[in-house]
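The next block holds one structure in the form of structure tokens; read it before the comments.
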Amino acid sequence: MDIADIIKPQNQVFCKTKLMTDTALSYCPGCGHGTAHNLTMEVVDEMGISEETIGVAPVGCSVLAYDFMNIDITQAAHGRAPAVATAIARTWPEKYVFTYQGDGDLAAIGTAETIHACNRGENIVIIFVNNGIYGMTGGQMAPTTLEGMVSSTSPYGREIKSMGSPLKMTELVANLPGVYYVTRQSVHTHKHARKAKKAIQKAFENTRLKKGLSFVEIVSNCNSGWKMTPNESNIWMEEHMFPYFPLGDIKVDGILK
Amino acid sequence: MTEEIIIAGFGGQGVLSMGKILAYSGIMQNQEVSWMPSYGPEMRGGTANVTVILSDERISSPYLKLFDTAIILNQQSMDKFENTVKPGGILIYDPNGISVHPVRKDIKIFQVEATKLAAEMGNKKIFNMIILGGFLKEKPIVKLENVIEGLKKSLSERYHFLIPLNEEAINKGMESITPYKMKEKVIE
Amino acid sequence: MSELKLMKGNEALAEAAIRAGADAYFGYPITPQSEVIEYLMTEQPEKRTGMVVLQAESEIAAINMVYGAASTGKKVLTSSSSPGISLKLEGISYLAGAELPAVIVNVVRGGPGLGTIQPSQADYFQSVKGGGHGDYKLYVLAPASVQEMSDFVEDAFDIAFKYRAPVLILSDGLIGQMMEKVQLKDQKPRLTDEQLIEKNGSWAVTGRKNRERNIITSLDLESEKMEKRVHRLMKKYEQMEKEDLRYEKILCDDAEYLIVAYGSSARISQKAVELARKKGIKAGLLRPITLFPYPKQQLLELADQVKGILSVELNAGQMIEDVQLSVQFKVPVEHFGRTGGIIHTPEEVLEALEQKIIK
């Protein structure tokens, strides 16, 4: 039996998400981005809105999201995705507009755009993948890097006194009246991925109902940047990231939990 | 015909709006017009000035060094603009608040007691219209009917009831403009 | 019928944007161009035509909103003044790289730094020599009157969509703040979403309906692909030079001395030419209306005719470099201009012509 026999349709248990292209993912093996992409595209597919959805890709590891997601996507300057999405949502009020951003993009260089798009309550979805490090540029410190965590620009560990505390952007935006839904999820196990998918679905439903801004943080790993095996990185994430960035809903239907 | 005018005074004296009404009047009689204000911090309480040009031809520079007419409404503007009047041109000013009067002999100088007259008429805001009336007496470059049309254009409709008062003020200015007689220097 | 009004340059531009059928304006207040967004907010074009107007949190956000709307094929513009344009340059470079149509307006004030709020033409280099990063150019229109502030909006959109490229309207505080008579064009209808998809659906991200997906990006990680993109841009710029150069010649036919000036300086210089002619000096004015493309050939031809050229600019000498390159140093070229927000008078320009060129 060769590979061609194995991947016959009758032998398939799982198949590739319909809205993912055939382009091989450029993410490191073990990275959570692939799953986050899949879940987003599954939701768009299952809601039947692929022809009405416009994505905004960031700068960072997911800059090439447009190579993998088989929908219309525009790629924004570093940090500016919420501004780009604002204009698209304002000029195409019937479309589903989402941004897909990392922690450096959303919580450092794009802080102003994030806060103000949230504060205006733009009718968009923001998917925020937080892995506490700059992956693409080779493992520099991010605004969400944990205290003591080693990166190439915090080689002795992040020191709060001189480098500030890891930024809880999600809690911050939850306090803005324009923001309708805020949740923090992860995608490192099936169970977590299923919950994350539900959250993404709820976010896109909010867009359909014109409820305003939905903000879905996905706490993820960066095994390359953290210099761990994929499995180690997931364990480290559970032990270190989750206590500081606790999973769960923060604001639902406009009401803080 | 080309008339190049500078109007200068304090912000709040209606300098810019006087220029605007003049420019609108020009449009009403199919002339080319330009209205170039000083802008910025000067707008906020300090001096303000505006260059207004009315012409039968395409206007080249909206910014000028010399003027056919200077309308001067405070001392700072007198200091700054007396020397910008072309020889043979005219200078019109309100003597109220002026301590150093103009001295040039190669231009025609007129006074309009607009501050006083506006107070007498019971409305400080028509000050600039009295001045405008004086100017139009000496330089009838726009017809009064076109000034009234210009006023209608530059005032929002809810203020149109004020047009008769403005017309009265213009007439008052026309009646009261007087040539300024320089005092001979007394040699002691 | 078209309407005759007395308007400030900034207001005329804002009204023209509504009438050109623009879909959106995104901006951030800065003197001396805040009248643009003030006028739009007062006019409520959303009610008149459905045009979206939004005050962004910064110039950076505003230009990226422009990028977003332009990505979807919408007719979108922004305006600012010098320091704000510096902030927008990253976004402008992205617009050029991603080949998006958009109109950017710079009502220039004096610099560098926070500079002054008074008029200036010190952003010439920034406008025509790139400004942002990378190999790109902007098509640059330089209005010299309130009428042109109005007319150039539609022209700018036409060029932007013809080439799928950002277009800059380079004005200054004088043209923006002054009032003149302006003949407004009739209202053009905005495209419906269906019409827009029909027109721009081959490239715009409007939702992947009945076609392959569209991607807007300025990124090519493969150098060969990136070079192809750069070559594609250069071809556009060549075509602009062939097809869309604009300039105006005033009293050039018998001119012995030439002034080259654009925008507000051209207006002032025209008066200087009038004053010169009264004195018997045969002066002429070449006014580039587009700063890129630049009337190089026209200047080269005039170089055989005139004895000297004065480049008059409200800056310390920027456009003079293009004048010198154009005439290939065949005739003496000198610069005159005031800076810091001071506007030169026609008399000063004439004096400079006499002292620097006629001698």
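Yes or no: C:Lys47 over 18 Å from the mean Cα position of the chain (by Cα), among the basic types (Lys, Arg) and either within 14 Å of chain A (Cβ to nearest Cβ) or under 26 Å from C:Tyr237 (Cβ atoms) (or both)? So C:Lys47 fails the test. You will find that of A:Asn175, A:Asn223, the residue that is touching a residue at least 24 places away in the same chain (Cβ under 8 Å) and touching a Ser or Thr at 6+ places or on another chain (Cβ under 7 Å) is A:Asn223 and no other. So, in the stretch A:38-62, of the ones that are among the aliphatic types (A, V, I, L, M) and surrounded by fewer than 21 Cβ atoms within 10 Å (Cβ to Cβ), which residue ends up farthest from the other protein chains (Cβ to nearest Cβ)? Residue satisfying both the conditions and the ranking: A:Met47. Annotation note: of C:Glu321, C:Glu334, the sole residue that is part of a strand (DSSP E or B), farther than 19 Å from C:Ile250 by Cα and either in contact with a Phe, Trp or Tyr (Cβ under 7 Å, 6 or more places away or on another chain) or not small (Gly, Ala, Ser) (or both) is C:Glu334.
State whether one or more residues within the stretch A:72-90 are in contact (Cβ under 8 Å) with a residue 40 or more places away in the chain, farther than 14 Å from A:Ile126 by Cα and in contact with a helix residue (DSSP H, G or I) (Cβ under 6 Å, 6 or more places away or on another chain). Scanning the stretch A:72-90, I find no residue that is in contact (Cβ under 8 Å) with a residue 40 or more places away in the chain, farther than 14 Å from A:Ile126 by Cα and in contact with a helix residue (DSSP H, G or I) (Cβ under 6 Å, 6 or more places away or on another chain), so the answer is no. The selection criterion, being within 14 Å of chain A (Cβ to nearest Cβ), part of a helix (DSSP H, G or I) and crowded, with 18+ Cβ neighbours inside 10 Å, holds for C:Ile197. The set of residues in the stretch B:135-188 that are among the hydrophobic types (A, V, I, L, M, F, W, C), over 14 Å from B:Lys20 (Cβ atoms), without any contact (Cβ under 8 Å) to a residue 12 or more places away in the chain and not in a helix (DSSP H, G or I) comprises B:Val186, B:Ile187.
When residues in the stretch C:234-266 are screened for being assigned to a helix (DSSP H, G or I) and touching a Leu at 6+ places or on another chain (Cβ under 8 Å), 4 of them pass.
Of everything in the stretch C:17-39 that is of a type outside the set (Val, Ile, Thr), free of Cβ contacts under 8 Å to residues at least 60 places away in the same chain and more than 14 Å from chain A (Cβ to nearest Cβ), the residue that is nearest to C:Ile169 (Cα to Cα) is C:Ser34. For B:Phe110, state whether it is in contact (Cβ under 8 Å) with a residue 40 or more places away in the chain, assigned to a helix (DSSP H, G or I), away from chain C (no Cβ under 14 Å) and not charged (D, E, K, R). Taking the combined requirement at face value, the residue does not satisfy it.
Per-residue answers, yes or no, for (1) modelled with pLDDT of 95 or more; (2) touching a strand residue (DSSP E or B) at 6+ places or on another chain (Cβ under 8 Å); (3) buried (at least 17 other Cβ atoms within 10 Å of the Cβ):
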residue	(1), (2), (3)
C:Lys5	no, yes, yes
C:Glu15	yes, yes, yes
C:Arg19	yes, yes, yes
C:Ala22	yes, yes, yes
C:Ile30	yes, yes, yes
C:Thr42	yes, no, no
C:Arg48	yes, no, no
C:Val53	yes, yes, yes
C:Ala56	yes, yes, yes
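Take C:Ala316 and tell me if it is touching a residue at least 60 places away in the same chain (Cβ under 8 Å) and within 14 Å of another protein chain (Cβ to nearest Cβ). For C:Ala316, the condition - touching a residue at least 60 places away in the same chain (Cβ under 8 Å) and within 14 Å of another protein chain (Cβ to nearest Cβ) - is not met.
If A:Thr35 satisfies every condition in (1) more than 14 Å from chain C (Cβ to nearest Cβ); (2) in a helix (DSSP H, G or I); (3) without any contact (Cβ under 8 Å) to a residue 40 or more places away in the chain but one, which is the exception? Of (1) more than 14 Å from chain C (Cβ to nearest Cβ); (2) in a helix (DSSP H, G or I); (3) without any contact (Cβ under 8 Å) to a residue 40 or more places away in the chain, only one is false for A:Thr35: (3). For the stretch C:71-92, give me each residue that is more than 7 Å from chain A (Cβ to nearest Cβ), in a helix (DSSP H, G or I) and in contact (Cβ under 8 Å) with a residue 60 or more places away in the chain. Across the stretch C:71-92, the qualifying residue is only C:Ile92. Within the stretch C:220-236, the set of residues being under 14 Å from C:Lys137 (Cβ atoms) and either of a type in the set (A, V, I, L, M, F, W, C) or at pLDDT below 95 (or both) comprises C:Val230, C:Leu233, C:Met234.
Taking the listed residues C:Phe157, C:Phe125, the one that is touching a residue at least 24 places away in the same chain (Cβ under 8 Å), in a helix (DSSP H, G or I) and buried (at least 18 other Cβ atoms within 10 Å of the Cβ) is C:Phe157, with no other qualifying. Restricting A:Thr137, A:Thr189, A:Thr111 to residues that are among the polar types (S, T, N, Q) and modelled with pLDDT under 95 narrows the list to A:Thr137.
Residues to consider are B:Asn123, B:Asn83; find the one that is without any contact (Cβ under 8 Å) to a residue 24 or more places away in the chain and surrounded by fewer than 18 Cβ atoms within 10 Å (Cβ to Cβ). Step by step, each of B:Asn123, B:Asn83 is checked, and only B:Asn83 is without any contact (Cβ under 8 Å) to a residue 24 or more places away in the chain and surrounded by fewer than 18 Cβ atoms within 10 Å (Cβ to Cβ).
Put simply, of A:Gly79, A:Gly48, A:Gly55 the only residue that is within 14 Å of C:Thr72 (Cα to Cα) and among the small types (Gly, Ala, Ser) is A:Gly55. Note on the stretch C:200-233: residues that are surrounded by 13 or more Cβ atoms within 10 Å (Cβ to Cβ) and either in contact with a Pro (Cβ under 8 Å, 6 or more places away or on another chain) or not in a loop (DSSP other than H, G, I, E, B) (or both) amount to 7.
Within the stretch A:74-111, being facing another protein chain (nearest Cβ under 7 Å) and part of a helix (DSSP H, G or I) holds for A:Ala83, A:Val84, A:Ala85, A:Thr86, A:Ala87, A:Ile88, A:Arg90, A:Thr91. Taking C:Lys137, is it part of a loop (DSSP other than H, G, I, E, B) and within 17 Å of C:Gly21 (Cα to Cα)? No. None of C:Gly341, C:Gly284 is in a loop (DSSP other than H, G, I, E, B), outside the structural domain of C:Val128 (by TED's automatic domain parsing) and among the small types (Gly, Ala, Ser) except C:Gly341. Could you check, for the stretch A:112-130, whether at least one of its residues is within 13 Å of another protein chain (Cβ to nearest Cβ), over 21 Å from A:Gly254 (Cα atoms) and touching a residue at least 40 places away in the same chain (Cβ under 8 Å)? Within the stretch A:112-130, none of the residues are within 13 Å of another protein chain (Cβ to nearest Cβ), over 21 Å from A:Gly254 (Cα atoms) and touching a residue at least 40 places away in the same chain (Cβ under 8 Å). If only residues of the stretch A:204-228 that are hydroxyl-bearing (Ser, Thr, Tyr) and buried (at least 21 other Cβ atoms within 10 Å of the Cβ) are counted, the one that is farthest from A:Gln185 (Cα to Cα) is A:Thr207. If you go through the stretch C:14-52 and keep only what is part of a loop (DSSP other than H, G, I, E, B) and of a type in the set (Asp, Glu), you end up with just C:Asp23. Within the stretch B:93-105, at least one residue is crowded, with 21+ Cβ neighbours inside 10 Å, at pLDDT 95 or above and assigned to a strand (DSSP E or B).
The values are calculated or read from the model by the stated rules, or taken from the named source; none is laboratory data. Remember, predicted model here, so these are calculated numbers, not experimental data. Using ideal geometry, Cβ is built from the backbone for each residue, glycine included, and neighbour counts are taken over all protein chains shown.
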